1. Quick one: P(r) of segment 1-116 from all Cα-Cα pairs, 5 Å bins, percents rounded to integers, in order of increasing distance.
2. Could you give the dipole magnitude of segment 90-198 about its Cα centre, charging the beta-carbon of Lys and Arg +1 and that of Asp and Glu -1, in debye to the nearest 20?
3. Give me the compactness ratio for segment 132-226, meaning the Cα radius of gyration over 2.2 N^0.38 Å.
4. Dipole size in debye (nearest 20) for the chain around its Cα centre, Lys and Arg Cβ +1, Asp and Glu Cβ -1?
5. Where the centre of each part is set by its Cα atoms, how far does segment 1-75 sit from segment 104-183, in angstrom?
6. Based on the Cα atoms of segment 63-113, what semi-axes does the equivalent ellipsoid have, where each is the square root of 5 times one gyration tensor eigenvalue, given in whole Å with the largest first?
7. Of 123, 63, 168, which is farthest on the positive side of the dipole of the chain, counting Cα position, with +1 on Lys and Arg Cβ, -1 on Asp and Glu Cβ, and the Cα centre as origin?
8. Give me D for segment 202-252 in µm² s⁻¹, whole number, from Stokes-Einstein with Rh from the Kirkwood sum over alpha-carbon pairs, 20 °C and 1.002 mPa s.
Amino acid sequence: MDIDFHEDGAPAWVELSTPDAEVSTRFYGQLFGWTFADGFGGQPRSQSAELGGRPAAAVTATPGVQRGSWTTFVNVTDAAKAVEKITEVGGSVLSGPRSLGTAGRSAAVADHAGTRFGLWEAGEHHGFGVAGESGAFHGGELITDDVDASAAFYGQVFGWTLGEPYGPLNRRDWQLGGRSVSVLLPRPPAMPAEIPPYWDAYFTVADAARTADAAVRLGATALMPATATEHGVIAVLSDPTGAVFTVLAPTH
């Protein structure tokens with residue numbers, strides 16, 4: 001499905017920061033069928049990952065980082081005002097807002113617990129342009145140690161509310177205007193204590209088990225095997241640069 005609009009406060013973009021762009025683009029190109037175009041947002045180290053000619057993600061070579069990481073960006077109408085609000089309610093600004101040519105403006109920020117995410121103020125680039133297809137960004141999931149504090153922070157910044165807990169792990173949907181826009185997961189018992197809270201990036205696939213097997217053959221590490229959840233079958237992976245992501249084969 002083609003997407004050409006993201007409402008204010010909804011996740012709209014996702015970016016991989018990588019120590020080795022060649023390794024990353026080869027891996028995701030083979031795994032998801034992405035193709036790549038240089039110079040995303042006028043940045044020589046950034047590439048636009050495309051799925052069937054539609055924007056799916058950005059891949060940015062970041063000198064000095066030891067391992068890759070995915071960042072989910074939330075659409076905002078005014079990045080400068082959004083960062084002001086974030087600092088007012090206990091978050092922090094890591095970088096930006098900065099202009100990415102005619103594409104838009106972005107900022108890297110952190111919530112009350114130091115969990116990193118991003119802001120995207122669209123210019124000519126409106127964010128991901130494909131959804132519901134294998135290899136497309138499905139959404140973000142916040143893994144948190146404090147549900148109440150997370151609800152207060154994201155509620156004040158974006159107007160998100162939390163739905164009721166469901167399933168054995170007490171997941172809850174983040175809702176905006178009555179529509180689910182992402183997911184919250186209280187820290188699962190099996191998650192090692194040394195791993196801090198983080199925003200996980202989910203990508204749609206047709207078969208989570210087969211995709212996980214393919215990812216491992218391409219150099220990834222399986223952190224959680226294919227497992228049935230309320231949203232479908234998921235598998236958690238670490239790519240060859242160490243970036244953690246999740247693949248989801250939806251139930252519908």
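The values are calculated or read from the model by the stated rules, or taken from the named source; none is laboratory data. Owing to the predicted nature of the structure, the values given are computational and were not obtained by experimental measurement. A quick note on method: Cβ atoms are made from the backbone with ideal geometry, for glycine too, and the neighbour counts reach across all protein chains shown. Note: areas computed on protein heavy atoms with side chains; ligands, DNA, RNA excluded. Shrake-Rupley method; radii C 1.70, N 1.55, O 1.52, S 1.80 Å.
1. Taking all Cα pairs of segment 1-116, the binned fractions are 2, 10, 19, 24, 19, 15, 8, 2, 0 percent.
2. Details: 7 positive and 11 negative charges, 33 e Å.
For this selection, approximately 160 debye.
3. Values: Rg = 14.9 Å, N = 95, 2.2 N^0.38 = 12.4 Å.
Ratio of Cα Rg to 2.2 N^0.38 Å: 1.20.
4. Details: 15 positive and 28 negative charges, 72 e Å.
Using Cβ point charges on Lys, Arg, Asp and Glu, the chain gives about 340 debye.
5. That distance is 18 Å.
6. Numbers: eigenvalues 72, 57, 17 Å².
Semi-axes (√(5λ), whole Å): 19, 17, 9.
7. 63
8. On the way: Rh = 10.5 Å.
D = 205 µm²/s.
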